[in-house]
Amino acid sequence: MALPTTKRLLISISFLALMSLSLNSCYKDNEEDLYGNNCQTSNVSFSATIQPVLNANCVSCHSGAGASAGIRLSNHSEVSAAIDGGRFIGAIKHQGGFSAMPPSGPKLTTCQISQIEAWVAQGKPNN
């Protein structure tokens, strides 16, 4: 025996509503959103904190003779020079008037940006 049209419609709508809710339940897509901000910004070191972030996100385009826009980020002195140029922080924060970096990948996390800013505020030590 077939279900009446109204009952089939209600079942279909209920099913779609349930599927919609289940698909939207996992909206957080990064570690900071999922687990909170456990970002360590004191005692940030260039070699242990800053350089690994740059190696993973920047150095593939910003190194060697063909470095994008002539900006090299392979070592401490190159990174310091880029920051002193005044565009680095605006670019990684995707601020208006700056070329968003990285251009073809996700923005650095809030923690990574905070760590870079903390390192700069500490005087950009080569540690």
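Bear in mind these aren't lab numbers, they're just calculated from the coordinates by the rules spelled out. Keep in mind the model is a prediction, meaning the values are calculated, not measured. A quick note on method: Cβ atoms are made from the backbone with ideal geometry, for glycine too, and the neighbour counts reach across all protein chains shown.
Table for the structure above
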| read-out | value |
| --- | --- |
| Longest to shortest principal axis, alpha-carbon extents of region 36-121, angstrom | 37, 27, 21 |
| Estimated inter-spin distance, Thr6 and Cys39, nm [label 7 Å along Cα→Cβ] | 5.6 nm |
| Extension gain from Ile89 to His76, taking 0.36 nm per residue of separation minus the Cα-Cα distance | 3.1 nm |
